[in-house]
Amino acid sequence: MSSSDRSLAVGVKTYEVRTYGCQMNVHDSERLSGLLEEAGYVRAPEGSDGDADVVVFNTCAVRENADNRLYGNLGRLAPKKAGRPGMQIAVGGCLAQKDRDTIVKKAPWVDVVFGTHNIGKLPVLLERARVQEEAQVEIAEALEAFPSTLPTRRESAYAAWVSISVGCNNTCTFCIVPALRGKEKDRRTGDILAEIEALVDEGVSEITLLGQNVNAYGSDIGDREAFSKLLRACGTIDGLERVRFTSPHPRDFTDDVIAAMAETPNVMPQLHMPLQSGSDTVLKAMRRSYRQERYLGIIRKVREAIPHAAITTDIIVGFPGETEEDFEQTLHVVREARFAQAFTFQYSKRPGTPAATMENQIPKEVVQARYERLVALQEEISWEENKKQVGRTLELMVAEGEGRKDGATHRLSGRAPDNRLVHFTKPTAEVRPGDMVTVEITYAAPHHLLAEGAVLNVRATRAGDAWEKRHVEKAARTDEARKPAGVMLGLPKVGVPEPLPVATGSGCGCD
């Protein structure tokens, strides 16, 4: 008897959420988990692989083959569902918002299809599908409620996403997100700060402010300095040790934001600034409202104000019409900006975007060759920039699950203030995820640093206490189908909770 079957025997229904795409989807999946747990479901054990009573796909529509991937996964679940009366499958996210009725036509065994604007309806739609014994398709055209009003099952006890806006007002020709997420809608500053304070009270010590275009925050109220004011306000919250944000847009990145980053101690010296292309011609075709000189000017100002800042980026190779000269301009910007890391993407058609029907689509072999040249250059720069860290003494926040070889190498892993990944020698003193350790960097690789000497200092934190409490609760559970309920926050009357950070770019390359 499987874990799911045993849980059913005692009247408990299990769920599994599969997430694809960017941080916004990770963020939404924590809310979907919170909704289901509030409705009485418990998370299925790890490795259930579709063995849960409810399987939810939170989809992404950015990649050209996103639908093939979804239908392939749905197809693999069809025989399981046929053999398990009562099992339900739900599909949400951007692909659901885009394809709507197509999903149940291609996969009639799906029970629920819901969009990006009405994720709060999932439990109701599942129950309706069960009672009526037919698929429920409900796609809202506009945001019904800001996601922060929904319950959340957070994956991390010490780090959390905090959404400050949803949607996007840009019209980039390669991106379908604005059509699926809608126009930008900003959240009240008071609600954001109230959520952060509640998170800190629960033990969280690092938050990442999240938005499709995070530094456009304030456009709803006409305050161009709203984002910098928010960063400064985060600096006044006791117990909040680290503040990050993703992803900004060069068009809206103003000097007051740079000043706020430099002058607010808990705002980390890290910036993810999507470039997409270094060619003015390609940027114009992309409808990116900045040009090479504007972009490099931002990088120069950030480095002047925050010398040790690590700057990362997103780059698309092979956009329609990109010439060899255009590509060389991208390489020029990479050399000038000296990114700590770049998330590089080969252009792929996104159905429904203007770029998908543009002339002069670049042959695959040309795109591949350019991509390899870009990756080689960035690897060289990343390694050179990481070598500059050797000899520095850094305070790391101990991370959970970020070092795949930690067990074999007797190391632990953590994140430096600039978000670089550091593997360090395991100290004799107890160290928990969320605690802080001070180390000296001894070796650099292109994508990580090593601190091979003894840890210089260990600082236990409330975040470490929060992780330990959750870990103990999890270990004490006798029902293997049950998992800790996560950090279920019911914020005061002003707003509600959010999720956890990922050390990557936007994931979809559309910022």
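Among the residues of region 414-432, is there at least one that is within 21 Å of ARG153 (Cβ to Cβ) and either modelled with pLDDT of 95 or more or in contact with a Phe, Trp or Tyr (Cβ under 9 Å, 6 or more places away or on another chain) (or both)?
Yes - at least one qualifying residue is present in region 414-432.
Being at pLDDT below 95 and surrounded by 23 or more Cβ atoms within 10 Å (Cβ to Cβ) narrows it down to one residue among THR246, THR313; which is it?
THR246
Consider LYS183 against the criteria (1) part of a strand (DSSP E or B); (2) open to solvent by 20 Å² or more (accessible area, probe 1.4 Å); (3) charged (D, E, K, R): it satisfies all of them except one. Which criterion is unmet?
Failed condition: (1).
Can you report the number of residues in region 80-118 which are assigned to a helix (DSSP H, G or I), farther than 15 Å from GLY182 by Cα and either hydroxyl-bearing (Ser, Thr, Tyr) or open to solvent by 10 Å² or more (accessible area, probe 1.4 Å) (or both)?
9
Specify which of the listed residues (THR189, THR236, THR208) is in contact with a Phe, Trp or Tyr (Cβ under 7 Å, 6 or more places away or on another chain) and of a type in the set (S, T, N, Q).
Answer to the check: THR208.
Condition test on VAL214, is it open to solvent by less than 10 Å² (accessible area, probe 1.4 Å), within 18 Å of the chain's Cα centre (by Cα) and closer than 22 Å to LEU275 by Cα?
yes
Tell me, please, whether a residue that is outside any helix (DSSP H, G or I), over 23 Å from TYR290 (Cα atoms) and small (Gly, Ala, Ser) can be found in region 345-352.
yes
Just to be sure before I move on: is GLU141 surrounded by fewer than 20 Cβ atoms within 10 Å (Cβ to Cβ), free of Cβ contacts under 8 Å to residues at least 12 places away in the same chain and acidic (Asp, Glu) in the structure I sent?
Considered against the rule, which asks whether it is surrounded by fewer than 20 Cβ atoms within 10 Å (Cβ to Cβ), free of Cβ contacts under 8 Å to residues at least 12 places away in the same chain and acidic (Asp, Glu), GLU141 comes out as no.
Just to be sure I understand, how many residues within region 217-236 are more than 13 Å from ASP256 (Cα to Cα), at pLDDT 95 or above and open to solvent by 20 Å² or more (accessible area, probe 1.4 Å)?
Total satisfying the criteria: 3.
GLU155 - would you say it is of a type in the set (Asp, Glu), in a helix (DSSP H, G or I), under 23 Å from GLU30 (Cβ atoms) and open to solvent by 30 Å² or more (accessible area, probe 1.4 Å)?
Judged against the criteria, GLU155 is not a match.
Mind listing just one residue for me: the one in region 21-47 that is outside any helix (DSSP H, G or I), small (Gly, Ala, Ser) and at pLDDT 85 or above and, of those, farthest from SER165 (Cα to Cα)?
Of everything passing the filter in region 21-47, ALA44 is farthest from SER165 (Cα to Cα).
Kindly indicate the residue of region 432-475 that is over 30 Å from LEU377 (Cα atoms) and touching a His at 6+ places or on another chain (Cβ under 9 Å) and also surrounded by the most Cβ atoms within 10 Å (Cβ to Cβ) among those meeting that condition.
Per the criteria, the residue is PRO433.
Just one of (1) closer than 24 Å to GLU37 by Cβ; (2) assigned to a helix (DSSP H, G or I); (3) basic (Lys, Arg); (4) in contact with a Gly (Cβ under 8 Å, 6 or more places away or on another chain) trips up LYS121, so point out which.
(4)
Only one residue in GLY40, GLY21, GLY50, GLY72 is over 30 Å from PRO178 (Cα atoms) and open to solvent by 20 Å² or more (accessible area, probe 1.4 Å). Which one? Full working, then the answer.
On the way: GLY21 fails: over 30 Å from PRO178 (Cα atoms); GLY50 fails: open to solvent by 20 Å² or more (accessible area, probe 1.4 Å); GLY72 fails: over 30 Å from PRO178 (Cα atoms).
Unique residue meeting the criteria: GLY40.
Please determine, by comparing only the residues of region 271-285 that are in contact with a Phe, Trp or Tyr (Cβ under 9 Å, 6 or more places away or on another chain) and farther than 24 Å from ASP223 by Cα, which one is surrounded by the most Cβ atoms within 10 Å (Cβ to Cβ).
Only one residue tops the list, namely GLN276.
Does PRO427 satisfy being over 16 Å from ASN386 (Cα atoms) and either of a type in the set (A, V, I, L, M) or open to solvent by 10 Å² or more (accessible area, probe 1.4 Å) (or both)?
Against the criterion (over 16 Å from ASN386 (Cα atoms) and either of a type in the set (A, V, I, L, M) or open to solvent by 10 Å² or more (accessible area, probe 1.4 Å) (or both)), PRO427 qualifies.
The values are calculated or read from the model by the stated rules, or taken from the named source; none is laboratory data. Quick caveat: nothing in here was measured; it's all calculated off a predicted structure. Reconstructed Cβ throughout: ideal geometry from the backbone, glycine too, with neighbour counts over all protein chains shown. Heads up: the accessible areas ignore ligands, DNA and RNA and are worked out on the full protein's heavy atoms, side chains in. Shrake-Rupley method; radii C 1.70, N 1.55, O 1.52, S 1.80 Å.
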